[in-house]
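Worksheet for the structure shown next.
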Amino acid sequence: MTDPGLGPGFAVTLAEARDAAVVGGKGASLGELTRAGVAVPPGFVVTVDAFAAAMAAVDPSGALRAEVEALPADDLDAIAAVTARVRALVADGPMPDSVASAVTYSYVNLGTGDRAQKLLILVNTDVAVRSSATVEDSADASFAGLQDTYLGVSGAPEVLEHVRRCWASLYNDESVAYRRRLRLPEAGVSMAVVVQTMVAPRAAGVMFTRSPVTGDRSVVAIEATWGLGSALVSGDVTPDAFIISKVTGEITTRRVSPKIKIHRYLSNGRGVTVSDTPTPLRDAASLTDDEIRALAAIGRQVEAHYGAAQDIEWAVLDGGAADSAATADRVVLLQSRPETVWSAREQAPAGAPRPRPADHVLALFGKPL
Amino acid sequence: MEQAGFPLPSQIADVPGAENWRSMYRYFTRFQPDDDKRFWFYNSMHFPEPMPAFDTITGEVPYQAIGANTARLFVFPTTLGIEHRIVNGRVYITANPVLDPAEIERRAAEFGPRAGYYFENWDSLYEGWKDRLRALIAEIESIEVPSLPEWEAAEVVFGSVGVAQNHYLQENFHRVLALYSKMWHHHTEMLMLGYGAYVVFFQFCQQAFPEISDQTVGRMVAGIDVIMYRPDDELRGLAVLAVELGVDDLFTEGCVAADVLAALESRGSAGEQWLDALGKARDPWFHVSSGDGFYHHHLSWNDDLTVPFTALPGYVAAARGGGIRPRPTDRLIAERERIASGYRELLSTDDEKAAFDQMLGLCRLVFPFVEDHKFYCEHWFTTRFFQKVKAFGALLARSDVIDSADDVFHLHHTEVDEALADVSLAWAAGSPPLGGPHFRPIIAERKRMLKVLEDWSPPPALGPVPEALNDPAVRMLWGITSERIAAWLNPDPDEVVGVAASAGVVEGIARVLRDVSEISSLREGEILVVPVTAPSWAPVFAKIRAAVSDIGGSMSHAAIVAREYGMPAVVGCGDATKRIRTGDRVRVDGDRGTVRVLE
């Protein structure tokens, strides 16, 4: 195995993240959004090459991975014993300096803080560290344990540690048992890791550029809650729901729900807290009309960029400025994926032309109602 | 499938104190035992109040015309006519569907060419239609109510006319009724087909864009230059003219029409010019009804100048500040085109786009008729009709049969006919008519009963709920859908549900106006709650923040005017004027079609 050596290949900025085989699906998607001019929290991707280099350091001969590959799929005790060893090595074993310095370098270049201070760990940028699977199929990804997310990681050593935890997650019991059942070669196992600046949003949620309920392509559907979107994803709150017409810009549905809990991100390593939503906020709409419109506009922009309906995670940052130009600046996207449910469904055409326009009426009234 | 929920017609108890309500209505409007098997809904859109005896003609005549049109004239394949019944003063209706496939096919063979002929020649037929309507209006205006002189004019003898005035009492009254019936036949002549074009486009849009609101579809269809805007435009023009002529000081908040008109007489040529312009505007544009022509008390601006003169001070104030601008027709047209092309672009196939173009084109073809017919029929003709009936009422009052001209509306037209026969006999015999002691107690009792019946809350529907209520015409006309029925069955006590007619959400203080005569009590920034809004109310929209009405659909005048003013509107609520009180703080949600009473 060749040593990829030092260089930018181990970590790339989001703007440079292109090839999903190198930066994973999430990394490539964030890269494309960045290049499309959509605001995403600044970040970088630790590439599959970094993973390969790290694995080469802890398993230079490949014997360890051969041992994993030889495990019987149904011997869970054996899997548990072997994978515990591999995980310990991946998380804590020797690490090539080239990988560590590439990650550290990218980390200290994040954000706007003073680089020298960050190098001295005087000021740290809080980041989220997420695994970025190189497999497209999300079902595979969930089985393979590639959904790790660590919020509020702070300081280069911590970042490095969590990148390695993501890698190690490839060797958790379920992932390995899954690969063994499918007899997938261990040599093909790979992972990128996305490191992104933490946001502490005022509100966050999801957005579909067609109705998830009816498949209507003329609307954008938004679900929102106070604080982090994790409250919504985890099912801790019933989100507010808004539907906005792409054509008229009218907000046609506005369902404000009592949002019992709020997930908040607290900086300086204090992490994510879950608390009761303050009473004045509970029953208040978590988005203003301007924010709804700004979100919908960005949703349409992303949809147009991909040429397909999107399923988007977003956050609205604290701002204060009321004008809508400033509102748009406060919106960041955390993720965008193609909508799959309705796009996969064959839909009957709403109608076809007839010889004469009036034939439509004749046909309607000729049918039993 | 039968569901518990709505009472059967036979289970409706008489309202205490008005047990004798049946005496006001003809036998053919009574619920029959077999009617329990069918689903009926309260036509609150057209008949939000208990029916005075004469006003039942606005059910009797339209339903014989509509049914004739769909069942016999055009032979609509799937529907015959509409039946109506009256209980406790309220009108319930049901449609007679055609269900047998063989029969539908047999009817479709007739329907195709007949309907096709009208669609293919729509514009020229509509031109001819307008001429026919104008002729009917001229004719009803020309009908004279005989004066019953002491003796006939000499020419009747020397011209060997040979027919005395009392003959014309009944002949002319019958002509008034006959013209009303003819008007309704013309009213439905093109209307059901026009609605058919709407229904087709609405269904297509709903299939392609399941979340699209009726009002958005309406915005793609809506005509910009329709005559329903004319009365309001005329009023704005008069306001500008008042400022130009320097007579604007007369138009102050709370001014009384008669006083202003008298004052203008003494303002020299400026006053004269303004009165001249008013005269021109009044015919025909002030023939706009304050309601929608289903009750005798829906007066026109010409009948009662209160509405225009309540609106004028606001317009005059705006005109002084240069705030009256012509309707931004170009912008409205551009907006309509932008919305239509926006949806068109979202369609996935060329076939769908072609179908969209055809259906939208057809809607725009029929739109001028569908919108404008109301002005000719419900407004212009109908207000003339009721005034003519009232003139016969005045004759009966002069003949000491009833107390006042308006009392005639508490008699069914067959009873009016009787009274006229009585007057005719008495005049001929040289004796007093016998009707006074006969009709006066009847009228007094009916007035009393109507007051009692006003407080009755009619169930929104009666009888078994049909399994699926998807008749597109019923949906289009009355907004009755399966969802609506479900809401009727599970009402929220603080929420009034209607049709979402114009988007937006506002909170404010409600002003409930049951009648146009109360219009001057309206304050700036209030939320208007009325039984019905019509074009004549348009000036009021400049003062209010939202509109709520008991009757109307997403294509009703109120809906269209509210959208133009960009204010929320919820129409067709059924009983908003009953459940909301003046002074209530309410939230009008024009997106969802609800009005919530907050305090």
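Sort out which residues of the stretch B:198-226 are surrounded by fewer than 20 Cβ atoms within 10 Å (Cβ to Cβ) and among the hydrophobic types (A, V, I, L, M, F, W, C), and write them in order of number.
B:I224, B:V226, listed by residue number.
If you go through the stretch A:108-129 one residue at a time, do you hit one that is buried (at least 20 other Cβ atoms within 10 Å of the Cβ), farther than 23 Å from A:T273 by Cβ and modelled with pLDDT of 90 or more? Reasoning before the result, please.
Pass one, the stretch A:108-129, residues buried (at least 20 other Cβ atoms within 10 Å of the Cβ): A:108, A:110, A:118, A:124-129.
Going one step further and asking which of them are farther than 23 Å from A:T273 by Cβ, we end up with A:108, A:110, A:118.
Narrowing the set further to residues that are modelled with pLDDT of 90 or more leaves none.
There is no residue in the stretch A:108-129 that is buried (at least 20 other Cβ atoms within 10 Å of the Cβ), farther than 23 Å from A:T273 by Cβ and modelled with pLDDT of 90 or more.
If you go through the stretch B:494-529, how many residues are without any contact (Cβ under 8 Å) to a residue 24 or more places away in the chain, in a loop (DSSP other than H, G, I, E, B) and surrounded by fewer than 16 Cβ atoms within 10 Å (Cβ to Cβ)?
Residues flagged as without any contact (Cβ under 8 Å) to a residue 24 or more places away in the chain, in a loop (DSSP other than H, G, I, E, B) and surrounded by fewer than 16 Cβ atoms within 10 Å (Cβ to Cβ) within the stretch B:494-529 amount to 3.
Residues are listed down the side, and each one gets a yes or a no for (1) at the interface with chain B (Cβ under 7 Å from one of its Cβ atoms); (2) outside any strand (DSSP E or B); (3) buried (at least 18 other Cβ atoms within 10 Å of the Cβ):
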position: A:D216; (1), (2), (3): yes, yes, yes
position: A:I222; (1), (2), (3): no, no, yes
position: A:V237; (1), (2), (3): no, yes, yes
position: A:I243; (1), (2), (3): yes, no, yes
position: A:T248; (1), (2), (3): yes, yes, yes
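Does A:S230 qualify as being in contact (Cβ under 8 Å) with a residue 12 or more places away in the chain, in contact with a strand residue (DSSP E or B) (Cβ under 9 Å, 6 or more places away or on another chain) and more than 26 Å from A:G27 (Cβ to Cβ)? Reasoning before the result, please.
Working: in contact (Cβ under 8 Å) with a residue 12 or more places away in the chain: yes; in contact with a strand residue (DSSP E or B) (Cβ under 9 Å, 6 or more places away or on another chain): yes; more than 26 Å from A:G27 (Cβ to Cβ): no.
Taking the combined requirement at face value, the residue does not satisfy it.
Tell me, please, whether a residue that is in contact (Cβ under 8 Å) with a residue 60 or more places away in the chain, of a type in the set (G, A, S) and in a helix (DSSP H, G or I) can be found in the stretch B:156-175.
no
Anything in the stretch B:357-367 that is more than 7 Å from every other protein chain (Cβ to nearest Cβ) and not basic (K, R)? List them, or say none. Spell out the reasoning first.
Within the stretch B:357-367, the subset more than 7 Å from every other protein chain (Cβ to nearest Cβ) is B:357, B:360, B:363-367.
Passing the criteria: B:D357, B:L360, B:C363, B:L365, B:V366, B:F367.
Consider B:A428 carefully, then state whether it is over 29 Å from B:S300 (Cβ atoms), modelled with pLDDT of 95 or more and of a type in the set (A, V, I, L, M, F, W, C). Reasoning before the result, please.
Working: over 29 Å from B:S300 (Cβ atoms): yes; modelled with pLDDT of 95 or more: yes; of a type in the set (A, V, I, L, M, F, W, C): yes.
Yes; evaluated as a whole, the condition is true for this residue.
Kindly evaluate B:A473 against the criterion of being modelled with pLDDT under 95 and within 13 Å of another protein chain (Cβ to nearest Cβ). Before you say what the answer is, go through the steps one by one.
On the way: modelled with pLDDT under 95: yes; within 13 Å of another protein chain (Cβ to nearest Cβ): yes.
Yes: the conditions hold for B:A473.
Can you name the strands (runs of 3 or more DSSP E) wholly within the stretch B:2-98 that have at least 1 residues being modelled with pLDDT of 95 or more and not hydrophobic (A, V, I, L, M, F, W, C)?
B:79-87, B:90-97
Limited to the stretch B:68-122, what total is found for residues that are of a type in the set (G, A, S), free of Cβ contacts under 8 Å to residues at least 24 places away in the same chain and within 12 Å of chain A (Cβ to nearest Cβ)?
Residues in the stretch B:68-122 being of a type in the set (G, A, S), free of Cβ contacts under 8 Å to residues at least 24 places away in the same chain and within 12 Å of chain A (Cβ to nearest Cβ): 4 in total.
Could you name every one of the helices (runs of 4 or more DSSP H) located completely within the stretch A:274-369 that has at least 3 residues being modelled with pLDDT under 90, farther than 24 Å from A:T214 by Cα and within 14 Å of another protein chain (Cβ to nearest Cβ)? Show your work before the answer.
On the way: elements: A:279-282, A:289-306, A:324-329, A:359-366.
Filter on the stretch A:274-369 gives A:359-366.
Residue pairs, Cβ under 8 Å, 6 or more apart or interchain, first in the stretch B:7-27 and without any contact (Cβ under 8 Å) to a residue 60 or more places away in the chain, second loosely packed, with under 15 Cβ neighbours inside 10 Å and assigned to a helix (DSSP H, G or I). List them.
Cβ pairs passing all conditions: B:S10/B:P33.
Within the stretch B:498-521, can you find the residues that are modelled with pLDDT under 85 and under 30 Å from A:T248 (Cβ atoms)? Quick ask: steps written out before the conclusion?
Just the residues of the stretch B:498-521 that are modelled with pLDDT under 85, to begin with: B:498-504, B:514-521.
Correct list: B:G498, B:V499, B:A500, B:A501, B:S502, B:A503, B:G504.
Considering only the stretch B:211-246, state which residues are free of Cβ contacts under 8 Å to residues at least 40 places away in the same chain, outside any helix (DSSP H, G or I) and out of contact with any strand residue (DSSP E or B) (no Cβ under 9 Å at 6 or more places or on another chain).
Hit for the stretch B:211-246 is B:G246, nothing else.
Tally the residues that are modelled with pLDDT of 95 or more and within 18 Å of A:Y306 (Cα to Cα), restricting the search to the stretch A:1-52.
Of the residues in the stretch A:1-52, 0 are modelled with pLDDT of 95 or more and within 18 Å of A:Y306 (Cα to Cα).
What is the one condition in (1) in contact with a helix residue (DSSP H, G or I) (Cβ under 8 Å, 6 or more places away or on another chain); (2) at the interface with another protein chain (Cβ under 10 Å from one of its Cβ atoms); (3) small (G, A, S) that B:S181 does not satisfy?
(2)
So, of the residues in the stretch B:260-284 that are at pLDDT below 95 and within 29 Å of the chain's Cα centre (by Cα), which turns out to be nearest to B:Y229 (Cα to Cα)?
Across the stretch B:260-284, the extreme among qualifying residues is B:P284.
Of the residues B:T216, B:T188, which is over 22 Å from B:F356 (Cα atoms) and either within 14 Å of chain A (Cβ to nearest Cβ) or among the β-branched types (V, I, T) (or both)? Quick ask: steps written out before the conclusion?
Numbers: B:T216 fails: over 22 Å from B:F356 (Cα atoms).
After ruling out the rest, the residue left standing is B:T188.
Please go through the stretch B:193-205 and pick out each residue that is closer than 18 Å to B:K374 by Cβ and more than 9 Å from chain A (Cβ to nearest Cβ).
B:G194, B:Y195, B:Y198
Please pick out the residue among A:G205, A:G271 that is surrounded by 24 or more Cβ atoms within 10 Å (Cβ to Cβ), more than 14 Å from every other protein chain (Cβ to nearest Cβ) and in contact (Cβ under 8 Å) with a residue 60 or more places away in the chain. Full working, then the answer.
Values: A:G271 fails: surrounded by 24 or more Cβ atoms within 10 Å (Cβ to Cβ).
Among A:G205, A:G271, only A:G205 is surrounded by 24 or more Cβ atoms within 10 Å (Cβ to Cβ), more than 14 Å from every other protein chain (Cβ to nearest Cβ) and in contact (Cβ under 8 Å) with a residue 60 or more places away in the chain.
Starting from the stretch B:337-356, keep only residues that are more than 8 Å from every other protein chain (Cβ to nearest Cβ), then list their pairs with residues that are outside any helix (DSSP H, G or I) whose Cβ atoms are within a distance under 6 Å, requiring at least 6 positions of separation or different chains.
B:K353/B:L347
The values are calculated or read from the model by the stated rules, or taken from the named source; none is laboratory data. All figures in this text were calculated on a predicted structure; none of them were measured in a lab. Backbone-built Cβ (ideal geometry, glycine too); neighbour counts: all protein chains shown.
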